[in-house]
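Working notes, beginning with the structure itself.
Derivation of every value follows stated rules applied to the coordinates shown; laboratory data play no part. On a predicted model such as this, the values are computed, not experimentally measured, just so you know. Positions of Cβ are generated from backbone atoms using ideal geometry, with glycine treated the same way; all protein chains shown enter the neighbour counts.
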Amino acid sequence: MRDTWASRLQTAQDVYDRQEYRMAFRLSMRLALQGSTEAQRRIGSMLPRGEGVAENAAAGWKWLVGAALKGDAQARAAVAWCHHLGVGTEAKATLAASWARRAAQQGPDGGQLLLARLHDRGDGVSKDRRKAIRW
């Protein structure tokens, strides 16, 4: 069987699902350094939780932003949540809303829920129940 990028991503995911975090981190890091946004997102998610490596929310933030800037919807949603909660970066509602909107426009990968919550509360955006329900 030919070793493709997709098969290596799947292997890293399978190892992660088995909670072999150290190996999953190593496999994902190799792919992230080669430019895989999915692997960059995974590294960005693992670092703040200390899965397979020492906990480092700031480093995780950098990986998530890199994947988000390349257009990864799940990474954009994760960046939005990080801004909302202050994980790896400062908590800033306006930036949370901006990133959530970008993610929400791409589909239901977490950005829509946060954007709805922000509109419901008027946190970083106008308080608007209709927009909250829409998202």
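Results, tabulated for the structure shown:
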| read-out | value |
| --- | --- |
| Trypsin sites (Lys or Arg not before Pro) within segment 75-135, DSSP loop, no more than 12 other Cβ atoms inside 10 Å | LYS127 |
| Hits among aspartates and glutamates - C-alpha to C-alpha of LYS92 under 15 Å, sequence gap 8 or more where chains match | ASP123 |
| Net dipole in debye of the chain [+1 Lys, Arg Cβ; -1 Asp, Glu Cβ; about Cα centre; nearest 20] | 420 debye |
| Rounded FRET efficiency, nearest 0.05, which uses the C-beta distance separating ARG129 from LEU69 and R0 of 35 Å | 0.65 |
| For segment 1-43: Kirkwood Rh in Å [reciprocal of mean 1/r, alpha carbons] | 10.0 Å |
| Contact order normalised by residue count of the chain, Cα under 8 Å, 6+ apart, percent | 13 percent |
| Helix axis angle, 5-17 relative to the chain longest principal axis, alpha carbon, degrees | 80 degrees |
| Whichever lysines have a C-alpha closer than 17 Å to that of LYS70, once near sequence neighbours (fewer than 8 apart) are set aside | LYS62 |
| Modelled FRET efficiency - R0 25 Å, ASP120 with ALA91, Cβ distances, 0.05 increments | 0.90 |
| Summed residue charge, Cβ within 11 Å of VAL79's Cβ, Lys/Arg positive, Asp/Glu negative | +3 |
| Helix 57-69 vs. the chain, principal-axis angle (Cα, 0 to 90°, nearest 10) | 80 degrees |
| Overall form of segment 1-79 per C-alpha gyration tensor (a/c, 1.5; a/b vs b/c) | oblate |
| Residue with peak Gaussian network fluctuation, the chain [Cα springs, cutoff 10 Å], from ASP123, ASP14, ASP72 | ASP14 |
| Acute angle (nearest 10 degrees) that the helix 21-33 long axis makes with the longest principal axis of the chain, alpha-carbon atoms | 80 degrees |
